[in-house]
Amino acid sequence: MKHQFVDGKSVPGAKAEADECLFEYLHGEIINYVVSKSKESSEEDLSQLEWMGFSVGYRIIERLTREMQRFKDELDIIKFICTDFWNSLYHKQVDNLRTNHHGVYVLHDNEFRLLAKIGKAGSRQYLCESPRLLAFTCGLLRGSLANLGVACTVKAEVTALPSCKFNVEVQRM
Amino acid sequence: MAVCVAVIGKDNSPKYIKCVDETNALQFHYKVHTSIDIVEEKLNIGTKTVADNKELFLGMLYSTEEYKIFGYATNTKIKFIIVLQSSNATLRDNEVRMMFRKLHIAYANVVSDPFYIPGDQIKSRAFDSAVSEIMS
């Protein structure tokens, strides 16, 4: 709860906290739906979830970049993703960004919002379920970048809750 | 104010084009088509030089005796073109900027519609009314 109060202050013009919960509940239900649908097969199929994220990201980026200046290059776009984009979705910035300057970017979030309420910090109890919570965001990243003209693949990595890494690998033509 | 409004997609395909005078539509289609080249040119210069040209509004693309043609390109490579009558001397840059702003807001709303498939032609009543507001 403390987390949310801090957020409310840091975002100018932020609405009540209720709308933040709504997203989390809806997101949770979508995961339930997708997972229950793919129960028949032995392996969990999260591609549908990823696809939903993609189409949301593809659309939402038009709105989020409306007031922005034109981006100079790829790094500029990634920086936007790490700051403004992350801020408007998760009310915080990405904590660490690393790149090899050859199309690989690693976005490191020490307290990812969708993972923040899953058990204690460092708990391993729900570690194997956590990919479900990240698939949507992976798609979101991929969709947003695709609409900005950066074709890429996004992989998520969790080693210790609630921190996670997103590996963005740009596909060169 | 405006006599023609057009939205051009990523791949330079027409997504939406509307003219005040539909009998003369072809003439405006040509004008919009010509302006794509100038838009591309301006966007490419933007990547080379670092400073100034970071605004989405591209300014006046070209003018003829009768018309002035203005351009705007979003971060997602969607281009908006507005054709204005040259005789309309009172129109300032800022007013044109406002028109594009309205257009961009309307476009963002269209894209946010889950039933709209990105890349399709725009068929939306809300967008139509926003465009006719710009043209009135």
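We did not get these values from a lab; they are worked out from the coordinates using the rules stated. What you are looking at is a predicted structure, and each value in this text was computed from that prediction instead of being measured. Cβ sites come from the backbone with ideal geometry, for glycine too, and all protein chains shown count toward neighbours.
The figures follow:
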read-out	value
Hits among lysines - C-alpha to C-alpha of residue A:79 under 20 Å, sequence gap 8 or more where chains match	A:92, A:155, A:165, B:48, B:54, B:77
Projected label distance in nm at residue B:120 and residue B:62, using a 7 Å step from Cα toward the beta-carbon	3.4 nm
Residues of type aspartates and glutamates that residue A:72 reaches as a straight line, Cα spacing below 12 Å, ignoring anything fewer than 8 places off in the same chain	B:52, B:55
FRET efficiency, residue A:87 to residue B:132 (Cβ-Cβ, R0 35 Å, nearest 0.05)	0.45
Helical segments meeting 24 Å axial Cα length and Kyte-Doolittle 0.0 threshold in chain A (DSSP H)	A:18-37, A:47-64, A:130-147
Descending principal axes extents, chain B, alpha-carbon based, whole Å	39, 35, 25
Pair residue B:13, residue B:87: separation of 7 Å Cα→Cβ label points (nm)	3.8 nm
Relative intensity, log₁₀ I(q)/I(0), of the protein assembly as shown from a Debye sum that treats every alpha carbon as a point, q = 0.11 Å⁻¹	-0.77
Using a Förster distance of 41 Å, the FRET efficiency for residue A:124-residue B:105 (Cβ separation, nearest 0.05)	0.30
Pair residue B:26, residue A:157: separation of 7 Å Cα→Cβ label points (nm)	6.1 nm
Overall form of the range A:85-172 per C-alpha gyration tensor (a/c, 1.5; a/b vs b/c)	prolate
